[in-house]
Structures are given as C-alpha cells and as structure tokens.
Amino acid sequence: MNPLLFSVGENSPGRPAIRRLLPCVVWLVIGSMGWAAPERAKPSRADWAEPSGRAPGAAQLRVEFAALSFDFGRVKQGEVVRHDFVFTNTGTAVLELTSVTPRCGCTTAGDWDRQLAPGRTGAIPLQLRSAGFSGPISKTATVTCNDPRQPTLEREFKAAVWTPFTLTPAIAVFTVSDETAMSETKVVRIVNHQEEPVTLSGVESGSPSFRAELTTVIPGREFRLRITAVPPYPAAAGSALITVQTSSPETPTLKVLAQWVGQRPVVVQPERLLLPAGPLPAAVSQVITVRNNGSHRLVLSEASVNVPGAEVRAEEVPGTKLFQITVKFPAGFRLPPEDGVEVSVKSNHPEFADIRVPVVAQPAAASAQVTATGGKSPAAVLGGPGPAQRAAGPKD
C-alpha cells in the first residue's frame, strides 16, 4: 500500500508536508479555469462619441462667465458706477455676442467684445446711473450669443443707493375740481440718514397756490413738511417747488415738487360704448363710471337706453364718490344701422343735468375679441372723457 496515503491521518508524520502542498494545488485549479473565461469586448468607436451627438473633434461653442451677478454695495445717490462682466470662450469655435440689452434706461452697455477666439477672455461693461433711486435696487441686462446651450443670458447687478435725506412722497400731487373751495393738505416725511444731526429752516413756496409749514418729529433726524393747496387756482394744472434749507454741507437745500391737476366736477368714462354690430352670440354687459369730483353730493336718476331689449342699472359705490351704470345687451341683439343709440341718465348737478353716452359699432377686430370672450368689452371700462354736455373731464 502507498505510504503517502497513510500520511494524511490525524497522527501521521507526513501531514505537515501535505498541508504545504495544498495552496499550490488550489492555484493551479483556479488558473486552469481562468484560461477558459471569455475575452472581454473592446469599446467601439461609438462608445467614444460625445453626448451631444457631435463627432469627435467637431467645433463647439461655449461661453462661461466669471460671475452671474455683481453687488456694488452702498452707492451715493446720483453717482455713476460701472462693472465689467468677464467671460471666456471655453469652446473650440469663435464665440459671437450679438447684443447686450439693459432692462432699464438707467443702465447702459459699453463697447463689449463681440467676437472671441477659443480660449480668449472678454468683458461686457455695464454702467448704472443711480440718480432718482433710493434704497436697494436690482437691474439686469440680457446678453445674446451664438452658444446653442445658452443663447440668452441674464446678468444682474445690485446696489444700495444711499442718500443723505429721503422725502416721502417726493412729489405732492393735488387733484382739484372747479368747485373746490376748500384747502387740501399733503404731508411729506423728511428723514436724515447722515451720522450728524441736522436742522431745517427757511421753508419757501414758489407759488401762492401752495403754503408750506415745517415741524420736527425727532430733533435732528425726522421732520414733517405740510404742504397746503390754496384755491382759487390760476390754471387747470400747475406746479411749484417747495424749498427747505438744511445745515448739512452734503445737501444744503431740499426741494419738493407740488402739483395741482384740475378736473371737471363730474367725469364720465368711457365717452362712448363700443359694441359688436351683432347679432350678439351671448349677452354682453358694459359699465359706465360716473365720478363726482365736486364738493356737493351727486344724485343720479332715470337711467335708460333707447333701444328695446337692453337693460340699464345705476348704483352708487358705497364709501366712494363713484356711480356705476351697467348696461346689458341680450344675446341676439343687433345695433340698428342708423346712429342714435345712447345711454342716458339725469343728475342733480346743474351743469350736467343730462348725461348721455352713445353706443356705436366697434371695429371688426375688436368685435371678434368680444365675441370670443362672450363677456365685457375692454371698451366698457376704458376710454377718455366725454364731450362737455356729457360730463366731460380729464382722465384721472
């Protein structure tokens, strides 16, 4: 019997030799199995194609900006500031920037790099005029280029416009009518933003139609300027400057514009109703607004329309000096070929005792719009003042 077979027993002296041979046997078996494994497939040329579908080496267009936005920080009101938005052509073809369009007239674009070779860097200079602004602002400009991934881009810059004083409101506007005999007062709040306290004095009005009075709210910091419009007014409209002297060397004089706008005691809008010639596919309602700008209470009565089938309803808007006259034309209504259709209402105002608003056929394009909406025509709520006998007056 082979002695080697007996050497593997528990107490056989040959057991250590067998154990040293086992790892070699295992590696020989694994190696023989590996030679039989299938060869891994090599990548094809299609696997190396770009995700965009372009062939390798094809020219690419790509623009990269160093920053999407820029913050100027604190800018003194009236100061002109500028920033260059830097960009790079990271593609392999010539980059073209065809236009830079600011969204605000306060912003202008300088002469930018319109064509850029691959790897080159250019700039778009944008300039901001801060006059007329106060507090935080944000402005943008649209950049158009030939990068197909982003043909239009928005660049933004921000600023905190600082001014020594803020005046709220900056303009005091008074709406007056021919009948107004009472004075009206507006209050302008003046706030000092400088570190040093200031004193205000020397208030002057550029017109006898305005009186101005200054009071102190917080010494050195906050003030109130009371501007009073005093009738009678020399014209239908006018304005004047109210000036205030300050102890600030930064702003020695403050200026507030005061305006008055005259209008008729009774204003009717619109001056006429526009209606499709018909027949109407659906009912159409239109609204006439009557505004009382006078000092006496206005009363309307006997609202009517001089065609059969149409309905009229006049009502006062609670808490206001407005009246709404709603005119409803039924489905199938057709304007008669002759002129003369009108909505009328009587009032207790001696100058506007009989208010009349004509109803006329609107252009074909507008008629199609009303037919499509099946509701109120835009002409029902828009329009200028009517003729004198129809309670004409300037638009609000």
Return the total of residues in the stretch 307-316 being of a type outside the set (D, E) and in contact with a strand residue (DSSP E or B) (Cβ under 6 Å, 6 or more places away or on another chain). 4
What about K139, is it surrounded by 16 or more Cβ atoms within 10 Å (Cβ to Cβ), basic (K, R) and closer than 30 Å to I171 by Cα? yes
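Yes/no per residue for (1) under 30 Å from E222 (Cα atoms); (2) surrounded by 19 or more Cβ atoms within 10 Å (Cβ to Cβ):
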site	(1), (2)
L254	yes, yes
L257	yes, no
P276	no, yes
V287	no, no
R297	no, no
S304	no, no
V312	no, no
V345	no, yes
Exactly one of (1) in the same structural domain as P234 (by TED's automatic domain parsing); (2) among the small types (G, A, S); (3) over 30 Å from L200 (Cα atoms) is unmet by A258. Its number? (3)
Is it fair to say G91 is touching a residue at least 40 places away in the same chain (Cβ under 8 Å), more than 27 Å from the chain's Cα centre (by Cα) and in a loop (DSSP other than H, G, I, E, B)? yes
Can you pull out the residues in the stretch 98-126 that are in contact (Cβ under 8 Å) with a residue 24 or more places away in the chain and hydrophobic (A, V, I, L, M, F, W, C)? V100, C104, C106, A109, L116, A117, A123, I124, L126
Report every pair of residues separated by at least 6 positions or lying on different chains whose Cβ atoms are under 6 Å apart, first residue within the stretch 242-256 and within 18 Å of R224 (Cβ to Cβ), second surrounded by fewer than 18 Cβ atoms within 10 Å (Cβ to Cβ) and of a type in the set (G, A, S). Q245/S201; Q245/G202
Kindly evaluate P234 against the criterion of being closer than 28 Å to R264 by Cβ and assigned to a loop (DSSP other than H, G, I, E, B). yes
Against the conditions (1) surrounded by 13 or more Cβ atoms within 10 Å (Cβ to Cβ); (2) farther than 27 Å from M182 by Cα; (3) modelled with pLDDT under 90, where does G374 fall short? Just the number, please. (1)
Could you tell me whether the stretch 43-52 includes any residue that is at pLDDT below 90, among the hydrophobic types (A, V, I, L, M, F, W, C) and either touching a His at 6+ places or on another chain (Cβ under 7 Å) or not in a loop (DSSP other than H, G, I, E, B) (or both)? yes
Being surrounded by 15 or more Cβ atoms within 10 Å (Cβ to Cβ), among the aliphatic types (A, V, I, L, M), within 30 Å of T251 (Cα to Cα) and at pLDDT 90 or above narrows V63, V75 down to just V75
When the residues of the stretch 142-165 are narrowed to those that are surrounded by fewer than 17 Cβ atoms within 10 Å (Cβ to Cβ) and of a type in the set (K, R), which ends up farthest from E196 (Cα to Cα)? R149
I'd like to know if the stretch 284-306 contains one or more residues that are without any contact (Cβ under 8 Å) to a residue 40 or more places away in the chain, in a loop (DSSP other than H, G, I, E, B), over 31 Å from the mean Cα position of the chain (by Cα) and under 19 Å from P358 (Cβ atoms). yes
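The values are calculated or read from the model by the stated rules, or taken from the named source; none is laboratory data. No experiment lies behind these values; they were computed from the predicted model shown. Note that each Cβ is placed from the backbone with ideal geometry, even for glycine, and that neighbours are counted across all protein chains shown.
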